[in-house]
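Right, one structure below, let's go through it.
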Amino acid sequence: MNPLVLIIISLISGWKSPDANSPVGRYHGFVNQAEEAYFGRGDARAALVHYDSAFAAWPGLRYDHLNASFAAMKDFHYRKFDEYICRGREAGLTRNRVRHMLHKEQPLLWKSFKQYMRNTRVGFYGFFRYRTRIILPSYRKPARKMERVFQRSRRVHTYKCVERLFGKGIDRRNVRRLEKITNAYGFPDMLKTGDSYPCKECGYRYSHVLDYAARFPEFQQTLEKLGPVMLESLEKGGLYPRTLPFLIDRYLFFQGAPQLFGTVVVKKQNVDRSWGYFRHDVQSVDLANEYRTKFFLPSLELEIKKSGIGFKAPEPKNNP
């Protein structure tokens, strides 16, 4: 086993694991079962049962509501589709994001949904404008509501510090500032900042700072300080499960070691100038699944099936 991976495993072993029996832990457990049913076996009806159990345990994250709506549409359960979309919009899911995902990644479901809208004589935006008020009478422009929550939280001294952190650019000094903020006020997760806007890689805007810091060997010291606090945020529902594992894998990737969780995807240009994606090597698939379970992540096999991105195919050897 790679020595650096052993060091990271010993570091993680010293952290307190999130409670799988907490409301958030049970939520992620049900979501993983739902994704296994929907993406793994193609059983949309069983997935809806697990999604209902998940949202009963905890309100949920917006992209889980989006996946639940896909399962509902595949099962032609449009009432459930309405319900999941409305709840997702209250969590910050936008209608343009729904349309893009349906049109690009689920063309058959999008065709079915368009036929449903023709039968009910409402357009796409009319569907969101009227149907959401039928399902949730209290629904009023949730995107603006989330923005107001974020603006109110910025008035607190803690989050003004975080905003100043963003404004100074991304460098190693910002990592030390983030550590000081975390020591004084706790980790600036979604529950504290009201910021539900995910960046491309990690989860939130502050993650750009940690994303940059993961390039350097001294990021291991940052993990020792911030790792336990980020796990507390994960257990309370203020952090995406993928955030901390991705940062760990990114650090291992830049140090030339195999990743532990299997979350890092590499983009490479092919000979024909097209871009290809592949997953960086992991130390062990069984080891990856063991630690992914501790961090509320689905199995590596399921993630590969969902994303369609596997490990790099071995290059053909030249015959002598």
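Observations
- About its Cα centre, segment 264-315 has a charge dipole of approximately 240 debye under the convention of +1 per Lys or Arg Cβ and -1 per Asp or Glu Cβ, with nothing else charged.
- FRET efficiency, 1/(1 + (r/R0)^6) with R0 41 Å, evaluated for Val271 and Leu191 via beta carbons: 0.30
- Our estimate of slack between Ile7 and Phe311, defined as 0.36 nm per intervening residue step minus the Cα-Cα distance, is 107.0 nm.
- Two-site label geometry, Ala20 and Phe216: point separation in nm, points 7 Å out along Cα→Cβ: 3.8
- Cross-link pairs Lys16/Lys80; Lys267/Lys306; Lys111/Lys305; Lys236/Lys268 - those with Cα-Cα distance over 26 Å: Lys16/Lys80; Lys236/Lys268
A short reminder: the numbers here are calculations on the coordinates, not readings from a lab. Fair warning: this is a prediction, and the values are worked out from it, not measured in the lab. Cβ atoms come from the backbone with ideal geometry, glycine included; neighbour counts cover every protein chain shown.
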